[in-house]
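Enquirer: Pasting a structure here, questions to come.
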């Protein structure tokens, strides 16, 4: 540690301060344009280099191209690094080096271009920032950077703004499910970096897809056939309902049972327009998870429970609940829908959920849920001329994760549930399309 406090003249913004305190060895920040992510990353490099105890500490800032790295970060790096007395600057090789004095170890921070991976091979780094990740090749991470961090257990911070499906989106969605990683998304509404007038001006001058991608950090903004938009999700997250707006409605559980290793088993609770924080379990055998479902069912006083039994994966959960006197309903995603315009029940459930979200729902405020709800795309099945939803396997192949939480919430729309004063809440069997409203109590 330095022998004295070094004032770099930097005051972090609220989101920068929050995220910095939560960073881990592997971290990824998704931030809107002009949000301050590059300065945040440069300050982490400087801070960690100043604290470095190892000899010949080496840190790197990477952008897709070296020229881009220089344009984006070089001025920031020099401005703050030169506040440390004795700092050396090499303009031709684009590095700054702190002195080996006053408790400092002489660590160096250098700029690189990801378009020249050979310049990185064989090197070691104590810390790396990779900026504009959406524009770099997938192989860079696995083939080049991971080995560079291995021998000194270095850290890496990925930063950028979404641009479709690529290494950035894959890393972000995977990081949300990995406790060894820190992942956070900051939209223009999270950072409050720009004045409302400027945000409204940008929104008017940009296409809806551009605004969603650049300012709302929507990875799927470039897809015209996304079923649920990020703006609708954010509106639902920020919507606060009074209890009397949903307390009269039946209480419904949606249970998505893990299909394979890495998937999660999820319980979602919904009452009318209100959904609640999911209960997520990973690695539990079905019989144990069934006990968790039964406990939640009894404590909450659920009126109906729909369990995914596609491929037979939830069969034991259903049978154990029924054996305990709890009338769980098995749901198979491929079964016939109520409305013939859909290819199967899963598509119909998700379309019903999309209407519910846009129709005034309130959902749990969490970036993981938003990521899953906005992930699936829909299309028209040419053979049957019916609307179909992207499958779980296709989403996993495209984005690297399974929308287990989203499917659990969608399962609460599997069958209509209505209340009867005389008989209590009942699950209504299949009936005509005109006689069904999926989120209004009957």
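Enquirer: How many residues, within the stretch 150-176, are surrounded by fewer than 19 Cβ atoms within 10 Å (Cβ to Cβ) and either out of contact with any helix residue (DSSP H, G or I) (no Cβ under 8 Å at 6 or more places or on another chain) or assigned by TED's automatic domain parsing to the domain that holds residue 264 (or both)?
Expert: Qualifying residue count, the stretch 150-176: 5.
Residues are listed down the side, and each one gets a yes or a no for (1) without any contact (Cβ under 8 Å) to a residue 12 or more places away in the chain; (2) in the same structural domain as residue 318 (by TED's automatic domain parsing); (3) under 26 Å from residue 329 (Cβ atoms); (4) under 14 Å from the mean Cα position of the chain (by Cα):
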position: 369; (1), (2), (3), (4): no, yes, yes, yes
position: 379; (1), (2), (3), (4): no, yes, no, no
position: 383; (1), (2), (3), (4): yes, yes, no, no
position: 386; (1), (2), (3), (4): no, yes, yes, no
position: 393; (1), (2), (3), (4): yes, yes, yes, no
position: 401; (1), (2), (3), (4): no, yes, no, yes
position: 409; (1), (2), (3), (4): no, yes, yes, no
position: 412; (1), (2), (3), (4): no, yes, yes, no
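Enquirer: Which members of the stretch 129-144 meet the condition of being touching a residue at least 24 places away in the same chain (Cβ under 8 Å) and either surrounded by fewer than 23 Cβ atoms within 10 Å (Cβ to Cβ) or farther than 22 Å from residue 72 by Cβ (or both)?
Expert: The answer is 132, 134, 135, 137, 138, 140, 141, 143, 144.
Enquirer: Read through the list (1) in a helix (DSSP H, G or I); (2) closer than 29 Å to residue 387 by Cβ; (3) over 21 Å from the mean Cα position of the chain (by Cα), then give the number of the only condition that residue 233 fails.
Expert: Evaluating residue 233 over (1) in a helix (DSSP H, G or I); (2) closer than 29 Å to residue 387 by Cβ; (3) over 21 Å from the mean Cα position of the chain (by Cα) leaves (3) as the failure.
Enquirer: Next up: I'm trying to understand the selection: among the residues of the stretch 251-276, which are more than 15 Å from residue 361 (Cα to Cα) and over 17 Å from the mean Cα position of the chain (by Cα)?
Expert: The answer is 253, 254, 255, 256, 257, 258, 259, 260, 261, 265, 267.
Enquirer: Something else: Give the number of residues within the stretch 283-300 that are exposed (fewer than 15 other Cβ atoms within 10 Å of the Cβ) and modelled with pLDDT under 95.
Expert: 4
Enquirer: Tally the residues that are touching a helix residue (DSSP H, G or I) at 6+ places or on another chain (Cβ under 9 Å), closer than 23 Å to residue 39 by Cα and surrounded by fewer than 20 Cβ atoms within 10 Å (Cβ to Cβ), restricting the search to the stretch 194-213.
Expert: Here the count works out to 3.
Enquirer: Restricting the search to the stretch 347-395, which residues are surrounded by fewer than 19 Cβ atoms within 10 Å (Cβ to Cβ) and assigned to a loop (DSSP other than H, G, I, E, B)?
Expert: 359, 360, 364, 365, 366, 382, 383, 384, 385, 391
Enquirer: Could I ask something else about it? Give me a count of the residues in the stretch 1-43 that are surrounded by 21 or more Cβ atoms within 10 Å (Cβ to Cβ), modelled with pLDDT under 95 and more than 22 Å from the chain's Cα centre (by Cα).
Expert: Result for the stretch 1-43: 0.
Enquirer: Please report, ordered by residue number, the strands (runs of 3 or more DSSP E) entirely within the stretch 86-126 with at least 3 residues that are farther than 15 Å from residue 50 by Cα and touching a strand residue (DSSP E or B) at 6+ places or on another chain (Cβ under 7 Å).
Expert: 108-113
Enquirer: Residue 46 - would you say it is in contact with a helix residue (DSSP H, G or I) (Cβ under 6 Å, 6 or more places away or on another chain), under 13 Å from residue 109 (Cβ atoms) and buried (at least 18 other Cβ atoms within 10 Å of the Cβ)?
Expert: yes
Enquirer: State all residues of the stretch 296-328 that are in contact (Cβ under 8 Å) with a residue 12 or more places away in the chain, in contact with a helix residue (DSSP H, G or I) (Cβ under 9 Å, 6 or more places away or on another chain) and assigned to a helix (DSSP H, G or I); if no residue qualifies, say none.
Expert: Result: 297, 310, 315, 316, 317, 318, 320, 321.
The values are calculated or read from the model by the stated rules, or taken from the named source; none is laboratory data. The structure displayed is predicted, hence computed values, not measured ones. FYI the Cβ positions are ideal-geometry reconstructions off the backbone, even for glycines, and counts take in every protein chain you see.
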